[in-house]
């Protein structure tokens, strides 16, 4: 395990990943219910049941993904492959979820259920390795504690930007009276931020991100 202290660039490039991650998560947790019931006109009873099932499945999924990451052995380490793949797939699913595909009736209900559950699963694929990477950044406990503060700050900022009411204002502006367009355009912007902040981070991790110099991008 690396015993060197991390540079400010490495700390903040790792931490900023939590910004986009929590923004995309904030949109789902804050606006998914409104989007499903008010925009797509899906019954509240169905959405409530869907959310309950998804929450239960997430608990199982989290445990399973943790085991998968622990047992992953690749030339890129155990975290990097899942973080890269999970981010890309989750971003695509998120964007598709808020896109108007012209569906109605049973097809719409099936689409909403599948995409919402798939979003949760792919988020786990990205989220578990992201946080699991933290203890491997350095073996210096004091340094590790200092690094841990950075992603929490960015996560708080990202969540606050969404939950604090700015999301609805931006969607109203983007949609110009069309709620579906507002949600879609807003989702595309958040998707871009999510991908940039996650793929932009650099790491220095023995056994997970390898290069001749000990530093390497996520991609």
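Among 29, 36, 56, 51, which is the only one that is part of a helix (DSSP H, G or I), at pLDDT 90 or above and over 19 Å from residue 93 (Cβ atoms)?
So the residue among 29, 36, 56, 51 that is part of a helix (DSSP H, G or I), at pLDDT 90 or above and over 19 Å from residue 93 (Cβ atoms) is 56.
So, in region 131-176, exactly how many residues are modelled with pLDDT under 85 and within 15 Å of residue 26 (Cβ to Cβ)?
4
How many of the residues making up region 39-48 are exposed (fewer than 11 other Cβ atoms within 10 Å of the Cβ) and either outside any helix (DSSP H, G or I) or under 18 Å from the mean Cα position of the chain (by Cα) (or both)?
Going through region 39-48 one residue at a time, the tally reaches 1.
Report the residue count in region 59-74 for those that are assigned to a helix (DSSP H, G or I) and touching a helix residue (DSSP H, G or I) at 6+ places or on another chain (Cβ under 9 Å).
Residues meeting the conditions: 8.
Restricting attention to region 167-177, which residues are over 22 Å from the mean Cα position of the chain (by Cα) and surrounded by 15 or more Cβ atoms within 10 Å (Cβ to Cβ)?
If the condition is that a residue be over 22 Å from the mean Cα position of the chain (by Cα) and surrounded by 15 or more Cβ atoms within 10 Å (Cβ to Cβ), then 174, 175 are the ones that fit.
Checking the conditions here, which among 77, 86 is in contact with a strand residue (DSSP E or B) (Cβ under 9 Å, 6 or more places away or on another chain) and either in a helix (DSSP H, G or I) or surrounded by 14 or more Cβ atoms within 10 Å (Cβ to Cβ) (or both)?
Answer to the selection: 77.
Which of the residues that make up region 6-26 are under 16 Å from the mean Cα position of the chain (by Cα) and not in a helix (DSSP H, G or I)?
Listed by number, the list holds a single entry, 16.
Looking at region 163-177 only, could you name the residues that are touching a helix residue (DSSP H, G or I) at 6+ places or on another chain (Cβ under 9 Å) and outside any helix (DSSP H, G or I)?
176
Might you let me know whether region 135-157 holds any residue that is in a helix (DSSP H, G or I) and in contact with a strand residue (DSSP E or B) (Cβ under 8 Å, 6 or more places away or on another chain)?
For region 135-157, residues in a helix (DSSP H, G or I) and in contact with a strand residue (DSSP E or B) (Cβ under 8 Å, 6 or more places away or on another chain): present.
Looking at 100, 62, 58, 22, which is the one that is exposed (fewer than 13 other Cβ atoms within 10 Å of the Cβ) and touching a residue at least 60 places away in the same chain (Cβ under 8 Å)?
Only one candidate qualifies: 100.
Given the condition modelled with pLDDT of 95 or more and either touching a helix residue (DSSP H, G or I) at 6+ places or on another chain (Cβ under 9 Å) or part of a helix (DSSP H, G or I) (or both), answer yes or no: does some residue in region 192-212 qualify?
Yes; the residues of region 192-212 include at least one that is modelled with pLDDT of 95 or more and either touching a helix residue (DSSP H, G or I) at 6+ places or on another chain (Cβ under 9 Å) or part of a helix (DSSP H, G or I) (or both).
Can you tell me which residue among 24, 42 is in contact with a helix residue (DSSP H, G or I) (Cβ under 7 Å, 6 or more places away or on another chain) and within 26 Å of residue 88 (Cβ to Cβ)?
24
Conditions: (1) under 23 Å from residue 50 (Cβ atoms); (2) over 18 Å from the mean Cα position of the chain (by Cα). Residue 118 meets all but one. Number of the miss?
(2)
The values are calculated or read from the model by the stated rules, or taken from the named source; none is laboratory data. Just so you know, these numbers come straight off a predicted model, no measurement behind them. Note that each Cβ is placed from the backbone with ideal geometry, even for glycine, and that neighbours are counted across all protein chains shown.
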